[in-house]
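Scroll down for the structure; my scribbles are underneath it.
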Amino acid sequence: MKTVLVVTSDKGLRTRLEEALGDRSVFVAESDDEALRTLSLVAIDTIVRDCTGPRRDLPGFASGARELAPGALVVAIGAPEDEADAADVVVPRNFTRRDLDNALRQVADRHRLLGEIAALRSRIAAPRAVPAADPVRDSPALARILTEFGRVFAAGFDLPRLLEMFLDVIGELLRPTRMALLLPEDTRQVFRVAAHRGLAPQIVQSARLSAASGLGRWLAFEGRPALLPDLTEPGLARELMLLGGVVAVPLLTHGELVAVLAVGQPVVGNGYGRLEMEILFDLATHLATAIRDIALHHQLQQEKEFSERILAHMSSGVVTIGRDHRIGTFNRRAEEILGLRAADVVRQDLRRLPSPLGDMIYEALSTGRTLPTTEIQLPGRGRWLEVSAYPVRGDQTGPLGAVLVFEDRTAQKELAAEKRQAEQYQLLARVVARIADEVKNPLVSINTFVELIDERFDEPEFRKQFSSVVRRDIRRLLQVVEKLAGLVGEGELNFCTVDVQAVVDDVVSALDVSDDSLGKRLQVEVSRNPEPQMVRIDVPQFRRALSYLIRHLTQHSPGEEARVSISVARDPGREAGDSVRLTIGSRTASIPQEKLDRLFDPVHTVQESLIDVGPAVSQRLIEAAGGRLEVRQGRHELAFQVTLPAEGR
């Protein structure tokens, strides 16, 4: 233990020095008088004095310090030239960390040299006889003291009380002048005084014993008490003497140094006997076990409190059970969601949980499998929960328990339902508006001709125009009604086996007859297979589906002319005779990609145009026959592919 006395009233300088001095025991004095009082109580190795203030007088201070501590070396910071000789080492006024490290290295070298000289002198000097120790006190008194030691463990997990009671017992046993019990700090690299008898306050506040060097390392390595006469290394003896002790006892458990006990000279006598040392070591070993158990208890308590705080602030409900099927954890959020008090369900059977939560956590415990996240509604409560359960495994074969985690999704469900209802209202409004817009124009033209029919019925040109326009608008109204019915109506399907090529010819013929309804010239080319391609379909519905696809390609062909090609073949990607594929394509049609992605979504399509809803209706009709409809857009062609099961499937 290296002791340093810092003499300065500058707090900033003091902080810099304490950081640089590392694991040394640092004693602080704001004035020379206070520093001299500290030197009279504590064995100081190095004195660092601030000479930058108005009160210098370094020679006078150094002289008084050496009288009290002959072995101490003086390091002066910012000493003037006329006073620098009074110090052993001088550090410049505006020193750096490197300057201070060099000064401390010089001081350490001089201390080592002085220690080696003292060791040589002790070898030359005649050996001094060690006075015989007084015999141990009488057996009845010892028995009473050991009985009192049993009361130490009644302190439970109160560590300060335990240490005080232990020092009382040691005081009764050995009657020492001083005692100090040192415990490690959180970093476990330095020991500090935790309890004492007879030590000066300066030593209690500032003494530090390194665990990695000096006396701390010696005790951990040797594992036995250190007697002052046996410590041949001067540094070890100085550390023990700083604590006012002649004996240092390690408190070891599981090979770890958990505390250090320093005991001073007995009040009466010259030393301690062998039996007293053995008893002291045995008692210290028992105390070490108690200290370790208390530290472990507090660590577990802190971890438990930390876990409980986490559970208390979680947004999810958490319930745990053990192998005995009793509830172990029931956090605050679980109380809020389930409406139960933790005090009423903890340590109770899992059947206190509402169904099906109890069944789910029991299944995870009994089967040892994790249950996937499930959404349930608590019966009678209306709450929607998102629940997951999983087992907790240990070293044993079976699970140690199970955990149930759930979140309240009721608010999200209600919000989603309200949002969905609002969207449905908006969709309905847009669809009705679109239907009204689609129906309005034909009805206006029909109504106009009906109003003029009485006046101009005798005109041949009027009758011809009336017949053409009314027929076209009525057909358009029928198409709108048919498409809407195809979207929402199931209808009765009458299947029969036919050659799909004959159905294609009928559709093309119907289009040729009424191509004026398309608003442009239409050219249709059909590539036929030499063999009949028999499929089982509802012929009228399938005709409607094909006509909607052809009309859709026609409507999206710019210009006055549309070209559509239809091919029928066996599907090459399947076994022979397995399916029939129809390809309805056009090199004149083009659809933007954003519309193509939603082509078969009637919800989006019907809001834009009832004309574009045709492919969605066709998909519905084709899938009702067991087929499949897809759309593909290449660089030069837009095509619909219809795949139907061949006859016999």
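The values are calculated or read from the model by the stated rules, or taken from the named source; none is laboratory data. This one's a predicted model, so the numbers in the text were calculated from it and none came from an experiment. Virtual Cβ from ideal backbone geometry, glycine too; neighbours counted across all protein chains shown. Ligands, DNA and RNA are excluded from the accessible area calculation, which covers all protein heavy atoms including side chains. Shrake-Rupley method; radii C 1.70, N 1.55, O 1.52, S 1.80 Å.
Applying the condition of being open to solvent by 70 Å² or more (accessible area, probe 1.4 Å) and in a strand (DSSP E or B) to the range 553-589 and asking which residue is modelled with the highest pLDDT yields ARG563. Taking first residues from the range 455-466 that are open to solvent by 100 Å² or more (accessible area, probe 1.4 Å) and partners that are not hydroxyl-bearing (Ser, Thr, Tyr), the Cβ contacts under 7 Å between residues at least 6 apart in sequence or on separate chains come to PHE457/ARG463. Take the residues in the range 243-265 that are open to solvent by 10 Å² or more (accessible area, probe 1.4 Å) and either among the acidic types (Asp, Glu) or farther than 23 Å from ASP186 by Cβ (or both); name whichever of them is farthest from the chain's Cα centre (by Cα). Top of the filtered list is GLN265.
For first residues located in the range 530-553 and under 13 Å from VAL617 (Cα atoms), partners that are of a type in the set (Ser, Thr, Tyr) and lie 6+ apart or on another chain with Cβ distances below 7 Å form the pairs ALA545/SER618; TYR548/SER618; LEU549/SER618. Of all the criteria given as (1) in a loop (DSSP other than H, G, I, E, B); (2) free of Cβ contacts under 8 Å to residues at least 40 places away in the same chain, the one not satisfied by PRO59 is (1). Taking the numbered list (1) surrounded by 13 or more Cβ atoms within 10 Å (Cβ to Cβ); (2) in a helix (DSSP H, G or I) in turn, VAL387 passes all entries but (2).
Rundown of residues vs (1) modelled with pLDDT of 85 or more; (2) crowded, with 19+ Cβ neighbours inside 10 Å; (3) touching a Cys at 6+ places or on another chain (Cβ under 7 Å), yes/no style:
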| position | (1), (2), (3) |
| --- | --- |
| MET1 | no, yes, no |
| ASP10 | yes, no, no |
| ARG16 | yes, no, no |
| GLY22 | no, no, no |
| VAL26 | yes, yes, no |
| LEU36 | yes, no, no |
| ILE44 | yes, yes, no |
| ALA62 | yes, yes, no |
| VAL74 | yes, yes, no |
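Selection of the range 82-108 for residues being among the acidic types (Asp, Glu) and open to solvent by less than 70 Å² (accessible area, probe 1.4 Å) yields GLU83, ASP88, ASP99, ASP101.
Going by what's in this entry, would ALA154 be described as among the hydrophobic types (A, V, I, L, M, F, W, C), modelled with pLDDT under 90 and either exposed (fewer than 15 other Cβ atoms within 10 Å of the Cβ) or in a loop (DSSP other than H, G, I, E, B) (or both)? Outline the logic, then answer.
Values: among the hydrophobic types (A, V, I, L, M, F, W, C): yes; modelled with pLDDT under 90: yes; either exposed (fewer than 15 other Cβ atoms within 10 Å of the Cβ) or in a loop (DSSP other than H, G, I, E, B) (or both): yes.
Answer is yes for this residue.
Can you tell me which of (1) open to solvent by less than 60 Å² (accessible area, probe 1.4 Å); (2) part of a strand (DSSP E or B) is the one ALA422 doesn't meet? The one condition ALA422 does not meet is (2). Are there any pairs, at least 6 apart or on different chains, whose C-beta atoms fall under 7 Å, with the first in the range 166-182 and modelled with pLDDT of 90 or more and assigned to a loop (DSSP other than H, G, I, E, B) and the second buried (at least 19 other Cβ atoms within 10 Å of the Cβ) and small (Gly, Ala, Ser), and if so, which? Short answer, once both residue conditions are applied: THR177/GLY264; ARG178/GLY244; ARG178/GLY245; ARG178/GLY264.
Yes or no: LEU283 open to solvent by 80 Å² or more (accessible area, probe 1.4 Å), of a type in the set (A, V, I, L, M, F, W, C) and under 26 Å from GLY255 (Cβ atoms)? Taking the combined requirement at face value, the residue does not satisfy it. So which residues in the range 183-199 are in contact with a Leu (Cβ under 9 Å, 6 or more places away or on another chain) and not in a strand (DSSP E or B), if there are any at all? Hit for the range 183-199 is LEU199, nothing else.
Does the range 473-483 contain any residue that is buried (at least 16 other Cβ atoms within 10 Å of the Cβ), modelled with pLDDT of 80 or more and within 22 Å of LEU638 (Cβ to Cβ)? No, the conditions are met nowhere in the range 473-483.
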